[in-house]
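Down below is the structure, laid out as C-alpha cells.
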Amino acid sequence: MGSSASIDLTNLAHSYRSTSNVKLPIKVLATVNEIGTTGVSYIVAIKTNFDPKLSASSLVVKIPTPLNTTNVECKAPNGKAKYVPAENMIVWK
C-alpha cells in the first residue's frame with residue numbers, strides 16, 4: 001500500500017493513558033512485506049473495541065512514506081486512501 005511501518009494516529013480527538021488492563025477503543029494492525037530492494041507492501045487493519053451499534057467518525061490514519069517514494073498504489077475497501085506527496089504520507093479517511 002505505501003512505504004513505512006509507523007502509523008500516526010495523532011489526529012484522533014482523544015488520547016489515552018492506561019494504568020491497568022484497559023481495553024482501548026481502537027486497535028491498529030499492520031503487516032509489512034518488503035518487495036525486493038525497492039518496494040514495500042502494507043496491509044493495515046483498524047479494529048474497534050466498542051459496541052457494533054456505535055461508530056467512529058472523523059477517523060484519520062496517516063502512514064508516513066520515505067522521502068524517495070515515487071509510486072504508491074492504495075486499495076481501501078472502506079473509506080478512501082490517497083498518497084499525499086507534499087507530506088510524504090498516505091492518508092486514509
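Look at the stretch 50-72 and say how many of its residues are surrounded by 10 or more Cβ atoms within 10 Å (Cβ to Cβ) and assigned to a loop (DSSP other than H, G, I, E, B). Of the residues in the stretch 50-72, 8 are surrounded by 10 or more Cβ atoms within 10 Å (Cβ to Cβ) and assigned to a loop (DSSP other than H, G, I, E, B).
Filtering the stretch 73-87 to residues that are in a loop (DSSP other than H, G, I, E, B) and at negative phi leaves E73, C74, K75, A76, P77, N78, K80. Within the stretch 34-49, being of a type in the set (D, E, K, R) and part of a loop (DSSP other than H, G, I, E, B) holds for no residue. Does I90 satisfy being touching a Gly at 6+ places or on another chain (Cβ under 6 Å) and either assigned to a loop (DSSP other than H, G, I, E, B) or of a type in the set (A, V, I, L, M, F, W, C) (or both)? Taking the combined requirement at face value, the residue satisfies it.
Just so you know, all these numbers are worked out from the coordinates, no wet-lab data involved. Keep in mind the model is a prediction, meaning the values are calculated, not measured. Every residue, glycine among them, receives a Cβ derived from its backbone with ideal geometry; neighbour counts consider all protein chains shown.
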